[in-house]
Structures are given as structure tokens and as C-alpha cells.
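One structure below.
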Amino acid sequence: MADKTSSNAYWAANIRVITISMVIWFVCSFGLGILLRPALSGISVGGADLGFWFAQNGSIYVFLVLIFAYAAKMNKLDKEHGVEE
Amino acid sequence: MDQFTLNLIVVGASFALYFGIAFWARAGSTAEFYAASQGVPPVMNGMATAADWMSAASFISMAGLIAFGGYNNSVFLMGWTGGYVLLALLLAPYLRKFGKFTVPEFVGDRFYSTSARMVAVICLLVISITYVIGQMVGVGVTFARFLEVSTTTGLLIGSAVVFAYAVFGGMKGITYTQVAQYVVLIIAYTIPALFISLQLTGNFLPQLGLIGGYAPSSTPDDYFLQKLDQVVTELGFAAYTADTTNMFNMFLVTMSLMIGTAGLPHVIIRFFTVPKVSDARTSAGWALVFIALLYTVAPAVGSMARLNITTTFWPGAIEGSAFDKPALSVEEINTNPELSWILNWQKTGLLVFEDKNGDGLIQYFNEPAPLAAANKALGDAKKALADAAADADKAPLEQAVTDATAARDAALAEATLGGKTLAEQGIVGNELTTVNNDIMVLANPEIAKLPGWVIALVAAGALAAALSTAAGLLLAISSAISHDLIKGALKPDISEKGELLWARISMAFAIVLATWLGLDPPGFAAQVVALAFGLAAATIFPVLMMGIFSTRVTKEGAIAGMIVGLITTSVYIFLYLGWFFIPGTNMFPNTPAAHFLGISPAAFGPIGALLNFAVAYIVSGMTKAPPQDVQDLIQSIRVPKGAGAAQAH
């Protein structure tokens, strides 16, 4: 295991990345797809509204980007903090 | 070559492939049996996870649910994919770093308690066994439809196939077989979708077709979704894109499916099989790539099937209004070979039409509530008259039929279709009385007039989806019994060979149990899914998350939390669906009006999870902090460095 201070800083950085990612995860699915749909009904996408598209297709694309972005960011953090395998 | 022979050849060839792979990759050690020696590359592991995850429900049922539920059933699309974000960010890398084989093992080590491990085993068994029954039923139904055997025979053949490759192959055999099963199922799902999207929207990609223009329209700038909304509202259905549900409940159902997905033991177990911690993160991403290939196509499959089936019965709707041309005639159904699928499905009882008014046409529409109620009352009255004993006094029964007919006629004079009352048009009710959700995917190639080999491929795909999920669940069950229950608690000194034998015996036992329950399903396929997801959300997910992200949660807190999550969630579901799903034992009717704060049984998972977290933190605050070696364990799983191969102990 790396020394205590380095791994604490690593964990704090990890929690920050997770928090930001979770906010995006929530906004693009529960937000745009469900809660904000009535407010955004004026924006039309392919014959329906933005909320409908996010609920049926858009949120899934965001989830995909989010996981790979998280993995890439964490690989970088692993190296910066010297905790990579 | 007839369709039956073609089905037999394609399904038979796919089974031969699975057997071959299982033989080539058979397991020799417990590490290979439980976790494939951590030697599976992320892309392949992602593919296997996708096959493991996508069950008969995803393949057969989901598009049909979306077709008839429209926007409201987006909960499945978001719920069953969003859980992978939680897995990648909150669970997978840390559990891989922990480096053991099973979910209860992590719970037992992190919460330094065999009791905690046993509570986790109970939660896991309840979740996995309820889930596996649905898969066995799916296998039986698919066999029955495509290979013309009885559901029972189909189920027994399916069990024998799973038995052969899961028991001998273990995780290694299952993983490589699932890669092949994924390829079969995704081809089977997308090929019909590509053709149908091209026909309806001119877009080759169904994802673009969904938001594309409507090709057969006379006015070129019509969107496909606008067309669909127009056609279904004309016939009295809710608009496809309309939100007709309770927003709070929809939010909770989506959340329940997401955290339930992240808490399903047979999914989590996949992330123990990758070589490195960083691979666990990308593995979740790859799994979602392969899942998204099906899930982003599903809304197009559902909506296009809905439009196709509607325009089949109302040919006028293809270009203009449904009422521009007469409805589909019975003669056309009987003589046009392109419509033979209607007769084929009518035989199974999953699609039923009935020319009630004898005008030779099948009028398909949504009966307004008063008419539907009046028609049902009339049907009941007629049935009572027909069932009456020969010597009974029939006068009051005949009077009841006369009264019900008068009430129905009054309803017909009120209800309108296409701007005229039904009474004026001589229509007495909806004549396409049954369209089962599940036929949408299976009948899709026939509706779109695709060649016979595509139909055979869909059969093989549905079987691949059900079998791969069943195998993954059986592995989770067998490892919980042999590794956690027998080696972990009852007989810690068991040899590796003995444990491997027990793993195989418990898997065989689980197959027999699942087959037995599948032969006589208690008739609650949809309800058990609610239970499995609700429990995974309320027990496994919170305990794993607290185990990783809190250093303060104690064994007492974890055990109390899991028990509270388990009990509150099952009791809430049983209150509405009957105790242990026994019909008639429910305390409240399962209707939105009777739901507490509008929360449906399927939406309770997140509430159970919140209760679990709250109880665990309160109890932990009152008990002694975890010992130093557990603190060290938590620090160690939080950093990737030093992750070796999994230890057998």
C-alpha cells in the first residue's frame, strides 16, 4: 500500500470525480428524462420532445460516455498518486 | 425447407456451439470455477456480462412493454442501463481489489462477522432463485412456440443444456459460452430492427429511425413519432409519447431498477473475473456498450412494431387517417399469405381477433371506460345465462342480459370513433381483443415479411438470452452455497477438491429446484421481478456501498440494516401482491389509488435502501468501531495498487 497521506489525497480526489459523475448521471436520466420533462417540452427532437428522447435513448449514451470518462480519469489519478497496479 | 426444420437446425447449431465451448473451457480449480482465474479480458468480460444481464425479459418482453406503454415504460430503458454507472463508480473496482470470489465473502470480511455473511447469503439466494424461475419459464415458452413441443418438454431440454455446460464449465465455461450467446442474441435482435427501420423511416439505424421522418407518408416532413401519436390517439389510445403516470412513482421505479441492477449478485460477480482493478472499471463500460446495442434499439423496435400492427388492422392509417379506408377484413387475414402470422399467433392465444358485429371487418380501437365496463357486464350476464343449469329459472338471467344489452347500447351511442358514434357505425366493441406484449419481438420478422432464417435466428436469440442469464444465476447460487455456506461456516477445513464437488452438487440442486418451480410457476413472473430488484436495491447494494465508503459502519449496523431492508421491502410487496404471492392474501388492492403515497410495489426498493442506510448508521453509532485490521482492509480496497490474483484463502 502507498503511504497514508498519498492514499488519502487519492481517495479525496476519487470522491470528487465520483460526485461530479453522479451529478451528470442524475441530471441526464432522472432530471432531463423525468423531472424536467414538462419544463423542457418546448424543445423538439425528431417529432417528440427532448425529455422523451433522453428517457428513451439519450440517457444511455450519456451513461456510456460517463463510465469510460471515469475510467480514463481514474487511470490518470492512479498514476499521479503512484497507486497504479 | 419448412420453418420448423429451419428453427431446429439454427437452434441445434447454436446449442452445439455452446457445448463445444464449454468442453474446451472446462474448469479444473475453484479459482477457475468461481472466477475463471481472473483471466478474462475486459472486452470479452463485458460481452459475457451483457449476455448474463440481458434475460428473457430484456429480449422478449421489453420492446413489447415499451410498444404498449410508450414513454411510461422508459423506466426499463433508463433503469436497466443506469445501474452500470453505479457499478463502475461505486462497486466494481473495489470489489475486484478485495480479490475474493463472492459477494457474501466481502460482506463477511468487511463486517468481520460470519452472521453478516450468512444474512448476505440469504438475501442472495432469495434474489437469485426468484430470478432464475423467470428464465426457466422463458426457455419453456420459446421452445413451445418455435419447436412445437410442450412447455414442459421445452423446459426439461433447456435445463439439461444449462446443466451440461454450467456444472462442468463453471465460470470459465459459462463466460466463454456467454460470449457466443451474446453474438447470437444481438444479431437476432438487430437484423429485423434494421429492416423495419429502413421500411418505415428510410434510416438504416433504428436509433435514427426513432427520431426520423415517416417514409410512407404523403407529406414528406412528417416525423415517425408524430405519425404514431396521430394513429394511436385517433383510435382512442393515449398518445405514445405522452406522460400518463405519476412522476414521483416513475422516479422511484427507475431508481429501484438502477440500484437493483447494481446490487444483483450474478452481475457483481462478473467483476471478480477481470485481471486488474482498472479493467473492472472499463469492463462495466464494455458491458454497457454491448447492452446499449440492444437497449437503444428496443425503443425503435417497440414503437415501430406498434405502428406496424396498428396499420395492419387500419390500412388507411399508412398514408392518412385510420378511417380513410375500411378496417382489415377477415377474408384478407384468411387468404393473404403475408398475414399468415396473425393466424399463427391466434393459435397460441397470444393474439386474438373476433368479428363481434359480423361485418367481416376487424375494428381495433381502445374502448372508452364506460363502454369497456358495459361490454364486460354484458359478457358476464351472457355467461351466467349459458352456465345456468337446465332446470333453473332462467327468467331473471334473461332479464339481466336484456338490461345489460340496453346499458351497452346506451354506451355505444355515447362513444365515438373517427367523429361518429359507434352505434351509427354498427360497431359493438374492440375486435382485436388480445395482443400480448411478448409477441412483439418474436413476431417482428413475420410482420415485416423477413425470410425464414431470420425467424429461426430470433428463436435461437431468445433461447440464448434466457440460458445465459440462467447459467449466471446458477453460478451465483452455487458459489453462495459451497463457498459461503459450506466452506465459510459449516465445514471450514474442506479441501479444494471437496469444495469444487460441492459447488457442482449445489448447482445441480439449484437447476432441479428452478426447473421444478418453472414447471409449475406460481403465475407471478412480473411480481417476482419486482421482488428481486427491490431486494437487491434494499439489501446488497447498500451493504456493499457502506462497506467501501464508510469506515465507521459496524457489523451490528450492517446486519440490522440488511434485515430492515429485507423485511420492509418484502412486506410492502406482499401487502399488495399477496403474502408469498399467494393469490387473495393481499391486504390492499394493487391499484394506484390504494398505493401508499402513490408508491407501487415495484418502486419500493429505494425506500428500503434508505431505511437500510439509516438503520445501519444509527446502530453503528451506538456500537464499537470496527477493529484495526478491518480499517486496514478498507484502506487497501480503496487503492488499486497491489491487486494480485484472487486468493482461495
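The values are calculated or read from the model by the stated rules, or taken from the named source; none is laboratory data. Quick caveat, the model's predicted, so the values are computed rather than measured. As a convention, Cβ positions derive from the backbone with ideal geometry for all residues, glycine included, and neighbour counts pool all protein chains shown.
Assorted remarks:
- Selection within the range A:44-55 - farther than 13 Å from B:Leu210 by Cα and either more than 23 Å from the chain's Cα centre (by Cα) or of a type in the set (S, T, N, Q) (or both): A:Ser44
- Scanning the range B:271-290 for residues that are more than 7 Å from every other protein chain (Cβ to nearest Cβ), closer than 15 Å to A:Asn75 by Cα and among the small types (Gly, Ala, Ser) yields B:Ala280, B:Ser283.
- Which numbered condition B:Met587 misses (of (1) part of a loop (DSSP other than H, G, I, E, B); (2) modelled with pLDDT under 90; (3) surrounded by 15 or more Cβ atoms within 10 Å (Cβ to Cβ)): (3)
- Residue check for B:Thr175: buried (at least 21 other Cβ atoms within 10 Å of the Cβ), within 30 Å of B:Leu473 (Cβ to Cβ) and in the same structural domain as B:Met54 (by TED's automatic domain parsing): yes
- Within the range A:51-79, tally of residues that are in contact (Cβ under 8 Å) with a residue 60 or more places away in the chain and either more than 9 Å from every other protein chain (Cβ to nearest Cβ) or within 17 Å of B:Gly83 (Cβ to Cβ) (or both): 1
- Within the range B:239-316, helices (runs of 4 or more DSSP H) holding 1 or more residues that are outside the structural domain of B:Ser74 (by TED's automatic domain parsing): B:298-313
- Options B:Thr296, B:Thr273; residue that is among the hydroxyl-bearing types (Ser, Thr, Tyr) and either in contact with a Leu (Cβ under 7 Å, 6 or more places away or on another chain) or at pLDDT 90 or above (or both): B:Thr296
- Condition met for B:Asp221 (touching a Gly at 6+ places or on another chain (Cβ under 9 Å) and part of a loop (DSSP other than H, G, I, E, B)): yes
- Matching residues, the range A:23-50, being within 8 Å of another protein chain (Cβ to nearest Cβ) and surrounded by 16 or more Cβ atoms within 10 Å (Cβ to Cβ): A:Trp25, A:Ser29, A:Phe30, A:Gly33, A:Ile34, A:Leu35, A:Arg37, A:Val45, A:Gly46, A:Gly47, A:Ala48, A:Asp49
- Within the range B:192-207, being touching a residue at least 24 places away in the same chain (Cβ under 8 Å) and of a type in the set (Phe, Trp, Tyr) holds for one residue alone: B:Phe195.
- The combined condition, being assigned to a helix (DSSP H, G or I) and outside the structural domain of B:Ala298 (by TED's automatic domain parsing), is fulfilled by B:Val401.
- Residue satisfying all of: in the range B:320-368; over 30 Å from the mean Cα position of the chain (by Cα) and aliphatic (A, V, I, L, M); farthest from B:Ala410 (Cα to Cα) among these: B:Ile333
- Hey, B:Asp52 among the acidic types (Asp, Glu), in contact (Cβ under 8 Å) with a residue 60 or more places away in the chain, more than 12 Å from chain A (Cβ to nearest Cβ) and closer than 30 Å to A:Val27 by Cα or not: yes
- Being free of Cβ contacts under 8 Å to residues at least 24 places away in the same chain, surrounded by fewer than 23 Cβ atoms within 10 Å (Cβ to Cβ), touching a Phe, Trp or Tyr at 6+ places or on another chain (Cβ under 6 Å) and within 7 Å of another protein chain (Cβ to nearest Cβ) is not true of A:Val83.
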